[in-house]
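Just below is one structure, and these are the notes that go with it.
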Amino acid sequence: MAAFALGGTLAEQGRNLVYLMSVLMPLLAVPVCLFALTEPHRHSAATGENTAFWSTLREGVRVSLASKVTLLILATFVLLNLVPEALEEYEAPLLDQLPDISPTLIGMLLAGFTLANILGNLLAERMSAGGLHSVVLAYGLIGLLLLPLMAVPASVAIAIIALMCFLHGIGTVLLQGVLQRSIHDDARSTVTSLANFAQSALALPFYGAFGLYATGYGFAAAFTMTGVFTVVIASSLSLLTGRVTNQHQTVQSEGPDS
């Protein structure tokens with residue numbers, strides 16, 4: 001938030017200073033990582049470590065494919081959580097296209113969007129009762145919010161993005177909780193890593209499609225099309241979630257003898 005708030009103001013004086021600070025900050029972190037943080041020395045052989053890695057990876061894949069519920073959660077993570085995560089990269093260009101907005105104001109707005117996300121994180125626990133249904137609903141609302149973005153005034157567009165960040169803050173915490181609770185063994189961290197990897201892999205074609213559409217029609221129109229994608233995916237996953245949940249409850253009620 002501080003970087004956003006200060007970066008816009010500094011950029012109005014000259015962007016070279018902002019670029020220099022962006023390079024220096026990671027470099028300043030290097031000595032901290034090298035000398036201030038220590039990791040216990042491990043004596044296991046390299047071959048054993050490689051074997052453990054592949055066996056852990058196979059177990060994570062097996063757990064992911066073993067349950068329809070887990071697969072639905074992973075699909076929600078990869079397809080829906082991807083959208084606001086990726087759109088963060090395009091918030092500044094979208095604001096830059098709005099009329100009468102200075103770099104200083106853009107920085108302050110980006111800091112405000114971050115604050116909205118944090119508030120969503122803090123309030124997520126109050127909405128955890130619905131489980132995966134609540135997660136899909138939150139992302140479905142994000143899609144609905146994005147639909148009119150290309151046709152609204154600048155002030156409304158800013159409010160929409162802020163609300164999207166707030167709902168994303170709620171959705172990402174709920175989604176992580178649902179994913180963690182669906183896995184009850186040592187594969188939990190591996191499955192979470194697989195979900196993040198799959199999301200990153202899908203982000204590549206997403207960025208390509210978004211950039212291509214934004215080049216032809218503008219960032220606001222690309223946000224709107226992303227809303228269409230989100231609503232379609234959220235509606236489909238909501239239907240699947242209802243069916244899988246009903247089947248799971250039926251199996252539990254029938255008991256092991258059935």
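Exposure proxy shown here: for ILE161, ILE106, ILE101, the number of other Cβ atoms within 10 Å sets the order, fewest to most, as ILE101, ILE106, ILE161. When each of ASP100, ASP186 is scored by the number of other beta-carbon atoms lying within 10 Å, the sequence from fewest to most is ASP100, ASP186. Would you mind checking the tilt of helix 154-181 against the longest principal axis of the Cα atoms of the chain, expressed as 0 to 90 degrees and rounded to 10? Helix 154-181 sits roughly 20 degrees off the main axis of the chain. Legend: ranking of residues VAL244, VAL78 from fewest to most surrounding C-beta atoms inside 10 Å; resulting order VAL244, VAL78. Spin-label model, LEU239/LEU123: points 7 Å from Cα along the beta carbon direction are separated by 3.1 nm. Taking the helices alone, the chain has a mean residue ellipticity at 222 nm of -27000 deg cm²/dmol, built from -39,500 (n - 2.57) per DSSP H run of at least 4 residues and averaged over all its residues. Computed about the Cα centre, the dipole magnitude for the range 42-254 is approximately 520 debye when only Lys and Arg (+1) and Asp and Glu (-1) carry charge, each at its Cβ. Computed from these coordinates, which is Cα Rg over 2.2 N^0.38 Å: (1) 1.04; (2) 0.96; (3) 1.19? Derived directly from the coordinates: (3).
Each Cα pair under 8 Å and six or more residues apart adds its sequence gap; the mean of these over the residue count of the range 42-254 is a relative contact order of 35 percent.
Values quoted throughout were computed directly from the atomic coordinates according to the rules given, and no laboratory measurement underlies them. Bear in mind that the values here come from a model prediction, so they are computed numbers and not experimental data. Here the Cβ is made from the backbone with ideal geometry for all residues, glycine too, and neighbour counts use every protein chain on show.
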